[in-house]
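Please read the structure below before turning to the comments.
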Amino acid sequence: MNGAGTPRVVVLASGRGSNFAALAEAVDAGECRAELVALISDRRKAEALERAHARGMPTAIVPKAKGEDRDAWSERLLEAVRAHEPDLVVLAGFMKVLGASFVDAFARRIVNVHPSLLPAFPGLDAPGQAIAAGVRVSGCTVHLVDRHVDTGPILAQAVVAVAPGDDGATLHERIQRLEHVLLPRVVNAIGRGALVLDPAPRWEREGERAALLEAP
Ligand code: GAR
């Protein structure tokens, strides 16, 4: 935490970085109590890196080398993240599975956003999986990361109706609009101490939880 009790947040992102941008905008607008201290990517070409550079934020790239095992790569990533002494690590479209040592080092302090109503459709291309399954509603989930893929405790969810004619891309686009609201709200709730993560997620006041889940 910095002097004002604001959590230091390292963001991990692999792609476009629209969730990072939404988080940064909310921080700048005073709507999210967090200090974004670094953005780290596993992909050199991630647009998220450019967005972070534009903000003057420190960045790092830790690609998984061909043939490198996950634990070795994860250790290198852990080192890069630790250098920024974060209170919270936010996975904003980070598409690699973290090794156990990383997850354990930041136990109950890693938050992920996923484009489905978990536990439905974990893993890759969740919106495409939802379309293939023929569900009528989907949405997004913000959850804590544990040692498995998309199974950690759920912090918040928001629902989207599947429209006739939707494909994975159109559904994903509408889900992302909700992600851009929900993720900053959850980080803000953590930053303000309304949502306590340790030893298990707990809302200080039920009213705050209700407000978080109000339709954006
Ligand atoms: C987001 O929709 C996020 O939910 C998803 O990647 C997208 C990243 O978009 N994450 C996962 O699927 C993780 N399993 P962005 O780069 O524009 O924020």
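Derivation of every value follows stated rules applied to the coordinates shown; laboratory data play no part. Keep in mind it's a predicted model, so treat the numbers as computed, not measured. Please note: Cβ atoms are built from the backbone with ideal geometry, for glycine as well, and neighbour counts cover all protein chains shown.
Identify all residues within the stretch 154-177 that are under 13 Å from the mean Cα position of the chain (by Cα) and of a type outside the set (S, T, N, Q); write none if there are none. Of everything in the stretch 154-177, those that are under 13 Å from the mean Cα position of the chain (by Cα) and of a type outside the set (S, T, N, Q) turn out to be Ile154, Leu155, Ala156.
Of all the criteria given as (1) without any contact (Cβ under 8 Å) to a residue 60 or more places away in the chain; (2) under 13 Å from the mean Cα position of the chain (by Cα), the one not satisfied by Val11 is (1).
Scanning the stretch 2-28 for residues that are away from the ligand (no atom under 13 Å from the Cβ) and at positive phi yields a single hit, Gly5.
A quick yes/no check of all residues on (1) part of a loop (DSSP other than H, G, I, E, B); (2) more than 15 Å from Ala120 (Cβ to Cβ); (3) aromatic (Phe, Trp, Tyr):
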| residue | (1), (2), (3) |
| --- | --- |
| His143 | no, no, no |
| Asp150 | yes, no, no |
| Leu155 | no, yes, no |
| Pro164 | yes, yes, no |
| Thr170 | no, yes, no |
| Glu173 | no, yes, no |
| Asn188 | no, yes, no |
| Pro199 | yes, yes, no |
| Leu212 | no, yes, no |
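Restricted to the stretch 85-100, and to residues that are farther than 20 Å from Arg16 by Cα, crowded, with 16+ Cβ neighbours inside 10 Å and not hydrophobic (A, V, I, L, M, F, W, C), which residue is farthest from the chain's Cα centre (by Cα)?
The qualifying residue farthest from the chain's Cα centre (by Cα) is Gly99.
Each residue in the stretch 7-30 was checked for being surrounded by fewer than 21 Cβ atoms within 10 Å (Cβ to Cβ) and among the polar types (S, T, N, Q), and 2 pass. Would you mind stating whether Phe20 is among the aromatic types (Phe, Trp, Tyr), farther than 20 Å from His172 by Cβ and under 16 Å from the mean Cα position of the chain (by Cα)? Considered against the rule, which asks whether it is among the aromatic types (Phe, Trp, Tyr), farther than 20 Å from His172 by Cβ and under 16 Å from the mean Cα position of the chain (by Cα), Phe20 comes out as no. Restricting Val149, Val145, Val196, Val186 to residues that are surrounded by 12 or more Cβ atoms within 10 Å (Cβ to Cβ), hydrophobic (A, V, I, L, M, F, W, C) and in contact with a Lys or Arg (Cβ under 7 Å, 6 or more places away or on another chain) narrows the list to Val196.
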